[in-house]
Each structure stands twice: as C-alpha cells, then as structure tokens.
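Engineer: The structure under discussion is supplied below as structure tokens; questions concerning it will follow.
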Amino acid sequence: MRESGDGIAAMPPTPSSAEESLDMTGTTSEELLAAQACLRLLHTARAALSDTAAVSPAAAATLLAGPIAEADDALRRAGLAGNEAVLLERIYDLAPLPRSPEPPSGVEPTPVSRSAAREGGRS
C-alpha cells in the first residue's frame, strides 16, 4: 500500500486493460482468472459426474450451470473464447512441472518445453 497525501493508506492502482499485469509466465491476470475458472469447472464436472447413481443427470446439469457460465464469461473477458491452445498453456502455467528422474551422472539432460513436459514428450 502507498500513502495518500492526507496520510491515509491507499490501495495501489489496478492496471487498466491496456496495461494488464503479467505474472512470471507472461500470463495476464484475465487469462489466469479464465484458467482458474476452467479448472473449477473441470473439478465440479468430475465430482458431479463421478457417481451417476448418486447424482442424476438433471442434478448434474444444475450443478454445472454456474461453473459453465463463470468459465464462459472469464474466457470471453480474457479473449480466450475459442482459443483452446492458449487456454491450455495458461492452465499448464497454474501447475508445477512434473518431476523427472535424475539423469545418470555425466549425462546432460535434454531441455523440455512446458507443454511437452506435461505430455511426456520432448521438444
């Protein structure tokens, strides 16, 4: 926080859409919010659809309506609606890279991109 002219602490200014804040991965806050909303939708869908004996299709649809609307809105605000490749990169940015086994001594590891590391491939 910074102090205003009258000695009262003021909140730091929030970035405008033109100067959107970026995190260390180059992801804007709107993209991060969209990725988080999609992850919430995924977790809600898994929970709602994991036991079809306990949750009817109508109840699952009701449970998923809110998270679907939230994800749609967040994707639209971030400019990611219909851009699955960028969306998936932002979701990958939220999770740590998987640990890989240590290479044998004297062997140089081959660099792996974030997306290739998630899929077990090399780039």
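Engineer: Output wanted: per-residue J couplings in Hz (rounded whole) for the range 77-85, from phi through Karplus 6.51 cos²θ - 1.76 cosθ + 1.60, θ = phi - 60°, x for Gly and Pro.
Structural biologist: Per residue, the Karplus-derived 3J(HN,Hα) values read 4, 8, x, 9, 4, x, 10, 5, 4 Hz.
Engineer: For Y92 and A58, calculate 0.36 nm times their separation in residues minus their Cα-Cα distance, and state this gained length in nm to one decimal.
Structural biologist: 9.1 nm
Engineer: Could you tally the net charge around R40, taking each other residue with its Cβ under 12 Å from the Cβ of R40, Lys/Arg +1 and Asp/Glu -1?
Structural biologist: 0
Engineer: Using the basic label-point model (7 angstrom from Cα toward the beta carbon), what is the L42 to N83 distance in nanometres?
Structural biologist: So the label points at L42 and N83 sit 1.9 nm apart.
Engineer: Around A71, with a cut-off of 15 angstrom between Cβ atoms, what is the net charge of the other residues, counting Lys and Arg +1 and Asp and Glu -1?
Structural biologist: -1
Here, each number is a calculation from the coordinates, and none is a lab measurement. Computed from a prediction, not measured in an experiment: that's the story for all the values here. When we count neighbours, we look across all protein chains shown, and the Cβ atoms used for this are built from the backbone with ideal geometry, even at glycine.
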